[in-house]
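Every number in this text was worked out from the coordinates using simple rules, so none of it is lab data. Quantities reported herein were computed from a predicted structural model and do not represent experimental measurements. Positions of Cβ are backbone-derived with ideal geometry, glycine not excepted, and every protein chain shown enters the neighbour counts.
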Amino acid sequence: MKDRGYYEGFGGAYLPEILIATFDELVETFQAAKNDPGFWREYVDIMSTYSCRPTPLTFAENLTRKFGGARIYIKREDLNHTGAHKANNVMGQGLLVKRMGKTRVIAETGAGQHGVAAATMAARFGFKCTIYMGEVDVQRQRPNVFWMERLGAEVITVREGTRILKDAINESFRDWVTNMDTTHYVLGTACGPHPFPEMVSFFQSIIGKEAREQILEIEGRLPSRIYACVGGGSNALGIFQSFLDDPVELVGVEAAGKGLETGQHASRLSSKDASVGVAQGYKTYFLQDHDGQMKETHSVAAGLDYVGVSPILANFSEKGRIRFESATDKDVVDALSLTIRKEGLIPALESAHAFAQAFKEASAMSKEDIVLINQSGRGDKDIFTVADAFADPKWQEFIKNKAEEYHA
């Protein structure tokens, strides 16, 4: 990594002058914490006593038998506090906020899991908290909005632009410029200006550190292949980092939405629709038109419809170290249904992208191979979207009756 967070041309810190001093403070605080062994010990301690770490590896015996190929293991980030890998990052950033002496945090959220995690961290440390969320995501992730507000956060609905994640990020930066003396922006994924990609990856690396130790203890060898879904890239980088120097194939799975050919997707590194540009303070692949205007994206999973991708992943894609694929909404719903029925596990729709790709490939692998799927979150939050996707008649009747009761 070069100065100011460049990863062989990707990344950087493209900032308005007014934010430079704030970012300099953040860089200095993060680097001091990163070089302090006591800080990592403090971080691991709070994650183990407050957030249920280490999360286990689960052998998917029934799925392994069904596909008849590789042995399938699942890293259970759904068992992390607040139901996803997001707590890893926000608790780490919360410790940095304490070091900087700030009293308020802001965050963006799409699927809502980062928002809930940020609100939880704020409650734990006693910070004021504001969450920005696109209007589209507020509607499809209402349960998470409910919990953010119960945790004491102010949830602000963003009605500008496409009203999804990228617009929530824009509003968060506008807030930060106005309140930077007291406020820290808890960016939720490994994107944005330096040091956010490095910082978020650092805290999420706890996933891969655990997974490596666990699979060696259970199987006595490393997996042949690891799958993780990719929105911004934090959960993927979290599990991939500990295996980068090993002969392990790493597979990131993006959202193909309604199909790459339709243009209604969020595939940056697995399609030909993205190009390199600079937006939201960093350089990476974005889904943009010839004038640099961001395109609308689509995914059944609210956390995967971001228009950009981590500059670290863009670099690994260019170097061929990580293979990127994509899964359609239909692939994802089918994979989710199969995982629920066969293993009694309910992955988030985001995580189900990784399952979908693993299921496509597992049967062609040897029984001696091991694959590891990162279940980055649980599906409770997706009840409305999943029920609609399954066209569940009992659920539809329940919603209808509730609506009638409300308006009675």
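Points to keep in mind about this one:
- Beyond 32 Å in Cα-Cα separation lie the following of the pairs K128/K342; K209/K295; K98/K272; K66/K272; K66/K258: K128/K342; K209/K295; K98/K272; K66/K272.
- A Cβ-based charge dipole, computed about the Cα centre of the stretch 236-379 with Lys and Arg at +1 and Asp and Glu at -1, lands at about 140 debye.
- Take every DSSP beta bridge whose two residues both sit in the chain; close to 30 percent of them are antiparallel.
- Most to least packed among 28-40, 109-121 [average Cβ atoms within 10 Å]: 109-121, 28-40
- GNM top mover of A362, A302, A348 - the chain, alpha-carbon springs below 10 Å: A362
- Zero-based 5 Å bins, Cα pair distances in the stretch 132-234, whole percents: 2, 10, 14, 17, 17, 15, 8, 7, 6, 2, 0
- Relative contact order of the stretch 169-290, pairs being alpha-carbon contacts under 8 Å that are 6 or more residues apart, as %: 20 percent
- Shape analysis of the chain places it in the rounded category; the axes a ≥ b ≥ c from the Cα gyration tensor give an a/c below 1.5.
- Highest to lowest packing among 76-87, 226-237, 211-222, scored as the average C-beta count within 10 Å: 226-237, 76-87, 211-222
- Here the relative contact order of the chain, from alpha carbon pairs under 8 Å that lie six or more residues apart, stands at 20 percent.
- Its relative contact order, with pairs defined as Cα atoms under 8 Å and 6+ residues apart, puts the stretch 261-328 at 33 percent.
- If you take all other residues with their beta carbon under 12 Å from the beta carbon of R221, and give Lys and Arg +1 and Asp and Glu -1, the sum is -3.
- Normalised by residue number, the volume inside the convex hull of the Cα atoms of the stretch 289-408 is 162 Å³ per residue.
- Assuming charge only on the beta carbon of Lys and Arg (+1) and of Asp and Glu (-1), the dipole of the chain about its Cα centre is about 640 debye to the nearest 20.
- For Q396, the shell of other residues with beta-carbons less than 12 Å away shows a net charge of 0, using +1 for Lys and Arg and -1 for Asp and Glu.
- Positive-end ranking of I156, P143, I169 along the dipole of the stretch 135-176, with charges on Cβ about the Cα centre, is headed by P143.
- When you count the other C-beta atoms within 10 angstrom of each residue and take the mean per peptide, 308-319, 184-195 line up highest first as 184-195, 308-319.
- Screening the chain for whole DSSP H helices with an alpha carbon extent of at least 27 angstrom along the helix axis and a mean Kyte-Doolittle hydropathy of at least -0.5 yields 196-219.
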